[in-house]
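The values are calculated or read from the model by the stated rules, or taken from the named source; none is laboratory data. Since this is a predicted model, take the numbers as computed values, not measurements. Heads up, the Cβs are rebuilt from the backbone with ideal geometry, glycines too, and the neighbour counts pull from every protein chain shown. The protein model used for the area step is the full one, side chains on, heavy atoms only, and it has no ligands, DNA or RNA in it. Shrake-Rupley method; radii C 1.70, N 1.55, O 1.52, S 1.80 Å.
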Amino acid sequence: MPTDTPPSPLRVLVFGAALRTDSANARLATLVARLISDTGATVDLAGMHDFDMPLYDGDMEDAEGLPPGALALRDRLEQSDAFVISSPEYNASVPGVLKNAIDWVSRVRPQPFKTKHAMLVSASPSLVGGNRGLWALRIPLEHLGTRVYPDMFSLANSYQSFAEDGTLADPGLQQRLSETVSGFLSLVEADVRYVCLERRWYEFLGDRTEAAITQRAEA
């Protein structure tokens, strides 16, 4: 008798968008990667140095094509079902190195951000935890068709927020981060595992008409 083949694990790219080695956002990315891995998903943990690239220059693109760092990020996005960015906040906005990477990769065809699920997190020594930068980051990603998860996580007072084992020192914040990651993965799994969705629409409770079934199927 045929047996059901278990689905392959979800694949999630996680990277910190700061260049500094001991950045709080690198530590937060590592923690998020651990939480994702604990669910059985496959994690690709990266840093911005994995995707070094020059400032975007249209003349350079025409003459040389996309730089290796942009192509590397493209490849790792395409190999993942979803991605997580842990981003610092620079002057209440997106770090230039991250925006530059998005601009370069957006030149790829087919464009790899489209319909990809993303979760945004941040860490900052400030009291707002880098949250303003995440709102700014949503704009280019959503413009490119990324399905950015509504719940974002921002860690304030980041220099004092990590325990020695890499988790968050505040149990309540650790639980909230775990729940945010879990909710995000549930949404990604639903979209990856159940590509074809069928719904019947009724105008009011008790309606038993033969309403048309709408179907969404994406390659």
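Considering only trypsin sites (Lys or Arg not before Pro) in DSSP loops that have at most 16 other Cβ atoms within 10 Å, the longest stretch of the chain without any of them is 115-207. Each Lys and Arg contributes +1 and each Asp and Glu -1, all at the Cβ; summed about the Cα centre of region 1-151, the dipole is approximately 440 debye.
Normalised by the number of residues in the chain, the mean separation of alpha-carbon contacts (under 8 Å, six or more apart) gives a relative contact order of 18 percent. Every helix of 4 or more DSSP H residues in the chain counts as -39500 (n - 2.57), and over all residues that averages to -11500 deg cm²/dmol at 222 nm.
Applying D = kT/(6 pi eta Rh) to region 59-117, where Rh is the Kirkwood radius over alpha-carbon pairs, T corresponds to 20 °C and eta to 1.002 mPa s, the Stokes-Einstein value obtained is 170 µm²/s. Working note: Cα atoms of the chain, range along each principal axis, descending, whole Å: 59, 52, 44. Roughly speaking, what is the centre-to-centre gap between region 18-71 and region 103-153 when only Cα atoms are used, to the nearest Å? If we compute the Cα centre of each part, the gap is 13 Å.
Once you list every other residue whose beta carbon is under 13 Å from the beta carbon of Leu141, what net charge do they have if Lys and Arg are +1 and Asp and Glu are -1?
After counting each charged neighbour, the total is +3.
Backbone N atoms of region 80-103 closer than 19 Å to the 7 Å Cα→Cβ label point of Asp52 belong to residues 96-102. Calculated on the Cα set of region 1-109, radius of gyration then Dmax: 16.3, 62 Å. For the chain, modelled as a GNM whose springs connect Cα atoms under 10 angstrom apart, the maximal fluctuation among Gly40, Gly129, Gly16 occurs at Gly40. With a cut-off of 11 Å between beta carbons, the residues surrounding Glu61 carry a summed charge of -4, where Lys and Arg count +1 and Asp and Glu -1. Atom-type composition of the exposed protein surface of the chain places 53 percent of the accessible area on carbon and sulfur (1.4 angstrom probe). Annotation: Glu61 carries an accessible surface of approximately 30 Å², with a 1.4 Å probe and no ligand, DNA or RNA atoms counted.
Projecting label points 7 angstrom from Cα along Cα→Cβ for Asp62 and Glu78 puts them 2.6 nm apart.
For the chain, the membrane-span-like helices by this rule, meaning whole DSSP H stretches whose C-alpha atoms cover at least 24 Å of axis and whose Kyte-Doolittle mean is -0.5 or above, are 171-193; this says nothing about an actual membrane.
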